[in-house]
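The values are calculated or read from the model by the stated rules, or taken from the named source; none is laboratory data. Treat the numbers as computed from the prediction; the structure is a model and nothing was measured. Cβ atoms come from the backbone with ideal geometry, glycine included; neighbour counts cover every protein chain shown.
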Amino acid sequence: MARFLNKKPIVQNGESQILSITGGNRLSGEVVISGSKNATLPIMAASLLAKGDFTLTNIPNLADVRVFKEVLKDLGCVTDFNTGRCYIDTNSLGNNVLNPDLIGRMRASVLVMGPLLARFNEVTVPLPGGCSLGPRPIDYHLFGFKLLGAEISDINGTISLYAPKGLRGTIIDLPFPSVGATENLMMAATLAKGMTVIENAAREPEIVDLAEFLNMMGAEINGAGTRSITIRGVNDLHSVNYSVIPDRIETASFLMAGLITGGDVTCVNASPWHLPVILEKLEEAGCELIIDTEKVGIKSPPRPKSVGAKTTPYPGFATDVQPMLMAAMTIADGENIFMDTIFENRFNQIKELIKMGADIEFNGRVALVRGIDNLTGCDVAAPDIRAAMALVIAGLKADGETRISNLEHLLRGYENPVEKLTALGADLKITEETLDTKTDTTQPDKTPVSDEATVSEHPQSDDDSPVVSTN
Ligand code: EPU
């Protein structure tokens, strides 16, 4: 049954490259926002639900998207990608066993489980362990697949799902509004017999985009973007052309880059309405907001006022933006608290920011950031996508030169970041060299901040829950 095709190694850009930033330039101007990575990946997975030719537009040219293209190819699809367009021909889809190498490269490849289970009534997923953002199990996905009628077996970390009678509609009350579980279950339920209701569903804009894509394919989904999503199963779906939403996390990243430099940055091809809490924080930090259709910008004060953040599921403050806001707050006027309730290791940036002189105390999931006059450039290593962008933001302000290694993390999540920041006035370039810094994904040294520090806000999974790696 296993057909592991296309096993040649995938070259990830940035592995031996250094990003060198000379800080101090005030950013100003417009930046065009790319399509959303986290909307693109589930939509690519959803194409597996129908036979046909899909054309997806506004697709960012990112390492993660290229790996996902390999995942689809490995399953038998024909794919092509150029200048923001991704073509997927699913007519010869024939494999329902995921390639462990590809899952190991990218956690999001588990998103093909739902569509494959719906199409073949069975799917096999060999799961590797470890992850830079904490354990990241998939038990909520499996909980839902089981309710939809799948039998689950786990032999030495290889999970097999089998629904002998096909999937049946049901009520799934998720223990936590997991983005990936909501997406996987919504996709699986489109072809199930009868009605499925997902309660406590994730409400992120990427869920709504996926539901719109599925509905265009002929699915009957209501309530995406609310806590309760209803899916009436249909017999089959058809291929479509679709344009994905702008990347709200990239938008927030450029706004934070503007904030730390006291700049005026406007993001175009953006969705301001996907950033409610983030825009509130920018206003609290002293920014004047400029909001228009498909446009959002800030005029920043010379030095931001200090603001903190507690991350919660959408519409709360996004865990993906926390590292960038924290970077901007290292030079703010005052001190503030950051809490991440979503991921265990979302504070990977702290150790590196401290190397740059930041004054941060850390305890479990809580960090106290005291603003200093300025950071000092030095050699740092990017530990994950969003921490990488936090280091870029810090480097844009720091005195002297900041050199960031492990650049592949940045390029997994950001399209042309050097070109875009240069156009805004930043002084940065990519060079080929090796730095004497290593990725350190251990948590930063902990200094007591608050007794509530280690409290997690969603049910913790059993230690032996199936786990997948990387972002
Ligand atoms: N969780 C479980 N069991 C599960 C699923 C999730 O315990 O079965 C836990 C996770 O370990 C985590 C929390 O629930 O602690 C939230 O996980 P969720 O499933 O919501 O996240 P995800 O689907 O794995 C997506 C994004 C992440 C983003 C999170 C939260 C994609 C491809 N990834 O991940 O994006 O941080 O939602 O919003 O959509 C990034 O872009 O850098 C990134 C990490």
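Here are a few things to note about the model shown:
- Condition met for residue 357 (assigned by TED's automatic domain parsing to the domain that holds residue 256, closer than 24 Å to residue 306 by Cα and at pLDDT 95 or above): yes
- Index of the failed condition, residue 251 passing every other in (1) of a type outside the set (Phe, Trp, Tyr); (2) outside the structural domain of residue 118 (by TED's automatic domain parsing); (3) within 12 Å of the ligand (Cβ to nearest atom): (3)
- Selection within the range 97-134 - at pLDDT 90 or above, assigned to a helix (DSSP H, G or I) and more than 21 Å from residue 37 (Cβ to Cβ): 116, 117, 118, 119, 120
- Any chance residue 154 is within 13 Å of the ligand (Cβ to nearest atom), surrounded by fewer than 23 Cβ atoms within 10 Å (Cβ to Cβ) and either closer than 24 Å to residue 250 by Cα or touching a residue at least 40 places away in the same chain (Cβ under 8 Å) (or both): no
- In the range 258-341, counting only strands (runs of 3 or more DSSP E) that sit wholly within it, the ones holding 3 or more residues that are within 16 Å of the ligand (Cβ to nearest atom) span 309-311, 335-340.
- Taking the range 205-225 as the range and being within 22 Å of residue 274 (Cα to Cα) and away from the ligand (no atom under 14 Å from the Cβ) as the test, the residues that pass are 211, 212, 213, 214, 215, 216, 221, 222, 223, 224, 225.
- Qualifying residue in the range 134-149 (condition: away from the ligand (no atom under 16 Å from the Cβ) and not assigned by TED's automatic domain parsing to the domain that holds residue 406): yes
- The residues in the range 179-204 that are away from the ligand (no atom under 11 Å from the Cβ) and either under 15 Å from residue 36 (Cα atoms) or in a helix (DSSP H, G or I) (or both) can be counted, and the count is 4.
- Close Cβ contacts (under 8 Å, 6 or more residues apart or on different chains) running from residues in the range 55-82 that are more than 22 Å from residue 216 (Cβ to Cβ) to residues that are of a type in the set (Phe, Trp, Tyr) and within 12 Å of the ligand (Cβ to nearest atom) comprise 62/414.
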